[in-house]
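Inspection log for the structure reproduced underneath, given as structure tokens.
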Amino acid sequence: MEVLIFDIYGDYAHFKKFYTTSSPLTFSFPPPPTVKGILGAISGVDKSKYLDTFSSEQCYIAIRIISPVEKTRMGINLINTKGNFWQPVKRGSHEARTQIRTEFLKHPAYRVYFMHKDQNLMKDLKNMLQFHKTVYTVSLGLSELLADFKYSGPFSVDVVDSTDNPTDITTIIPLSLIDKNGITFEEGKKYFKERIPVDMTQDRVVKRYENALMEISGKSIKAKLKKYWQTENGECITFF
């Protein structure tokens, strides 16, 4: 099997957590539906179709943290546009502008590993990545947070069944792949868990959630897994 690998990064990112409203918080990394949107923007798949085109039945996505996770909060001014006015001034008893404290990721950088059953789509995406082209603008969660990317190349990858010895995994790990008591916690590493959406319908209804384990400074996690994948350069990864 062949996997396409590219890095995506920017100045700021925001991947809104589904349970926050008035003070939006962000996931520490782009969940698979967000990555699918990025893949759709690069390859030109329409936003009304990309969640089906890149469904978990069709593709595999793995995500690695490259830059240590760093979060900050800033105020965003939201403008009320319902009264046929755009200026942030008072109109009667209503405020036209509302400031919302929002959490952002600073200097985010991630490595994406991607496989798809449709070889024609793989070929088209590979061509776009190689020549640093996109059909639509690529961003990190919000349209204002523009992103850049760097193609690392295609690598062959093989699936490895469960072994008795823990393996150094470089990507974020779905907890469903971890054997019972299968994590070796090492000194100097920071482990976090987040519950993320993995599959969504075109109506933005979540079909499946997954608990994901990460090391937020970008270091590997030593774990005994039910299965993992190994690239030709020896890197061990796990797909959602």
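Points to keep in mind about this one:
- q = 0.16, 0.18 Å⁻¹, the chain: log10 I(q)/I(0) [Debye, one scatterer per Cα]: -1.20, -1.47
- The dipole here belongs to region 125-240: it is taken about the Cα centre, uses +1 on the Cβ of Lys and Arg and -1 on the Cβ of Asp and Glu, and is about 240 debye.
- Measuring nothing but how far apart in sequence close Cα pairs (under 8 Å, 6+ apart) lie, relative to its length, the chain scores a relative contact order of 29 percent.
- Debye intensity ratio in log₁₀ form over the Cα atoms of region 108-240, taken at each q of 0.19, 0.21 Å⁻¹: -1.35, -1.44
- With the convex hull drawn over the C-alpha atoms of region 1-40, the volume per residue is 102 Å³.
- Centre separation in Å (Cα based) which lies between region 131-146 and region 99-123: 10
- Each Cα pair of region 120-189 feeds into the Kirkwood radius, which the Stokes-Einstein equation turns, at 4 °C and 1.567 mPa s, into a diffusion coefficient of 79 µm²/s.
- For region 202-219, putting each phi into the Karplus relation 6.51 cos²θ - 1.76 cosθ + 1.60 with θ = phi - 60° gives couplings of 5, 8, 6, 9, 6, 8, 8, 9, 8, 7, 10, 9, 9, 10, 6, 8, x, 7 Hz, in residue order, rounded to whole numbers and with x for Gly and Pro.
- 5 angstrom amide H check on Leu142, placed H, neighbours 5+ away: His14
- Taking Gly75, Gly40, Gly182 as the candidate residues, the one with maximal mean-square fluctuation in a Gaussian network model of the chain, Cα springs under 10 Å, is Gly75.
- With a simple spin-label model that places each label point 7 Å from the Cα along the Cα-to-Cβ direction, the separation between Ser55 and Gln230 comes to 3.3 nm.
- With Cα atoms, 0 to 90° folded angle of helix 119-130 axis to the chain main axis: 70
- P(r) tail for region 1-82: Cα pairs beyond 21 Å make up 44% of the total.
- P(r) tail for region 167-240: Cα pairs beyond 19 Å make up 38% of the total.
- Helix-only mean residue ellipticity at 222 nm for the chain, each DSSP H run of n ≥ 4 adding -39500 (n - 2.57), per residue, nearest 500: -3500 deg cm²/dmol
- Sorted peptide list for 146-153, 55-62, criterion being average Cβ within 10 angstrom, highest first: 55-62, 146-153
None of the figures in this text is laboratory data; all of them are computed from the coordinates on show. Bear in mind that the values here come from a model prediction, so they are computed numbers and not experimental data. In this analysis, Cβ positions are derived from the backbone assuming ideal geometry, glycine residues included, and neighbour counts consider all displayed protein chains.
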